[in-house]
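Colleague: Sharing a structure here in structure tokens format.
The values are calculated or read from the model by the stated rules, or taken from the named source; none is laboratory data. As the structure is a prediction and not an experimental result, all values here were calculated from the model. All Cβ positions, glycine included, derive from the backbone under ideal geometry; neighbour counts span all protein chains shown.
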Amino acid sequence: MRQLIVVLALGLAALGAAGPQKIFQFEPEARPVLAEVGVAPSRHAKLALRTSNLYLLAVHGGHGQSQLGLSVSGDGGDSFEPPVPISEPGAAVSSHGENSPSVAFNGTDAYALWEQGSAEGGTELMFARSLRFGRKFEKPIRVTDKARPSSNAFSHLSVAPNGEIYAVWLDGRNPRAEAPGTSSVFLAKSTDRGATFGRNIEVASGVCPCCRPVVAFGEQGEVYVSWRHVFKGDVRDIVMATSRDGGAAFGAPVRVADDNWKISGCPHSGPSVARKGGRLYVTWFSEGVSKDAGVRVAWSDDGAKTFSRPAIVSGGVVDANHPALSISEDGRVLVVFQGRDPVKKESWGPAQAYLVEISGAGAATPPVVLPGSRKSVSYPALAAGTVGRVYVAWTEPGEKGTAVMLSRGRRANGGE
């Protein structure tokens, strides 16, 4: 592990000394792909690649009449079909910031998870499935098993290698006087391709109440859940807990890094986790304690028992935040995040989307800004394709409301 840390540090130093490199080539302009099929406004996109198709999950319509839909492109993003509706007509999808819907695939199945307004007040955590490649979704079902309504939000959905579906979210059903202003991480699992979900399990309490938790899986059936925990003194750092019995019980959470970020409030910024072989990658944002704010990456090679020393991969990008990981079928590890032009540190220019690639030795390429992201990018989503292809989507403000934008790129050397 120490050798890997040294390699990472040397790699980052060499890249910094060499200056920016043209690692990726992107289209000259990003496109409002849903507006092109008559869907506006739209926001909070998620991307997924299955076989030769590119899928885009997004919320469309105004906040009072919003609906969740899944669009597909069979030509690499040249064009998209109109969204297939997922949420029911008249249901108000609740989506803001990190509290946005998520999508996952397993073979021919497509799954979606989201929050929507409840007639009893608050929101309900909803799930819907399609057994036809996302071409038609069944009636949504509720994931939570609460007898009384309470807050639940900031959910994440993922499918284990054995096909079981896991949902994690922040839930306020068990308020604790000793930790005011915090929430709890809950988990539910489906073993029947999303027809039903089992008992809701509390993974942890004392959790930062507006940072999305995430779930990932190991090679030996491990279930990993990561979140931002609230430690004594309002220190809010990223942790990870492991289950070795299919999510029934979790061990004590392990601190991914000792950032010791003290903030008296929720930063609305959770982790992103992905696995490549036996290595588990984590990326997140922290300001730390010594003005070293930025997007960090660390990894574990021993099943989340220990983690490498984190590296700040956002370089000099100002206000870097909201990172997302993606690992391609051919093994590339990419991170996308939003931030402001480091050359204009004294200005409040628009947030842009940036991309870095993590090598097998742990070194990161310099951040590459995506062309066309000039109107305050928020919450970029990433899908890494084969042969060096990259797809990034984000939300931008516009004259007719927000719009989902898509940018496509390739490695400049053709993917080698």
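Colleague: Given the criterion at negative phi and in contact (Cβ under 8 Å) with a residue 60 or more places away in the chain, identify the matching residue among Leu125, Leu47.
Modeller: Leu47
Colleague: A follow-up question, please. Condition first: in contact with a Pro (Cβ under 8 Å, 6 or more places away or on another chain) and assigned to a loop (DSSP other than H, G, I, E, B). Now tell me which residues in region 238-258 satisfy that.
Modeller: Within region 238-258, Val256, Ala257 meet the criteria.
Colleague: Name the single residue that is modelled with the lowest pLDDT among those in region 185-237 being of a type in the set (Lys, Arg) and part of a loop (DSSP other than H, G, I, E, B).
Modeller: Lys232
Colleague: Given Gly77, Gly90, which one is closer than 19 Å to Ser118 by Cβ and part of a loop (DSSP other than H, G, I, E, B)?
Modeller: Criteria check complete, one pass: Gly90.
Colleague: With respect to Lys305, determine if the residue is closer than 29 Å to Phe231 by Cα, among the charged types (D, E, K, R) and loosely packed, with under 15 Cβ neighbours inside 10 Å.
Modeller: yes
Colleague: In region 109-118, how many residues are over 21 Å from His268 (Cβ atoms) and modelled with pLDDT under 95?
Modeller: Looking only at that region, the number is 1.
Colleague: Ok, one more. Can you tell me which residue among Arg408, Arg389 is in contact (Cβ under 8 Å) with a residue 24 or more places away in the chain and out of contact with any Phe, Trp or Tyr (no Cβ under 9 Å at 6 or more places or on another chain)?
Modeller: Arg389
Colleague: Out of everything in region 201-221 that is within 20 Å of the chain's Cα centre (by Cα), touching a residue at least 60 places away in the same chain (Cβ under 8 Å) and over 16 Å from Ala179 (Cβ atoms), what residue ends up being surrounded by the fewest Cβ atoms within 10 Å (Cβ to Cβ)?
Modeller: This residue is Gly218.
Colleague: Only one of (1) touching a residue at least 40 places away in the same chain (Cβ under 8 Å); (2) surrounded by 20 or more Cβ atoms within 10 Å (Cβ to Cβ) fails for Pro161. Which number is that?
Modeller: Here Pro161 meets the rest and fails (2).
Colleague: Let me ask something else about it. Can we say Leu170 is outside any loop (DSSP other than H, G, I, E, B) and in contact (Cβ under 8 Å) with a residue 60 or more places away in the chain?
Modeller: No: the conditions fail for Leu170.
Colleague: Consider Val318 carefully, then state whether it is more than 18 Å from the chain's Cα centre (by Cα) and closer than 23 Å to Ser79 by Cα.
Modeller: No; evaluated as a whole, the condition is false for this residue.
Colleague: Test of understanding: among Ser87, Ser100, which residue is within 22 Å of Glu396 (Cβ to Cβ) and either of a type in the set (Phe, Trp, Tyr) or at pLDDT 90 or above (or both)?
Modeller: Ser100 is the lone residue from the list that is within 22 Å of Glu396 (Cβ to Cβ) and either of a type in the set (Phe, Trp, Tyr) or at pLDDT 90 or above (or both).
Colleague: Answer yes if at least one residue in region 136-151 is under 22 Å from Ser326 (Cβ atoms) and either in contact with a Ser or Thr (Cβ under 7 Å, 6 or more places away or on another chain) or surrounded by fewer than 23 Cβ atoms within 10 Å (Cβ to Cβ) (or both), and no otherwise.
Modeller: no
Colleague: Quick check on region 272-316: of everything there that is basic (Lys, Arg) and not in a loop (DSSP other than H, G, I, E, B), which residue is nearest to Glu98 (Cα to Cα)?
Modeller: Arg296
Colleague: Restricting attention to region 327-359, which residues are polar (S, T, N, Q) and over 15 Å from Val295 (Cα atoms)?
Modeller: Ser328, Ser347, Ser359, listed by residue number.
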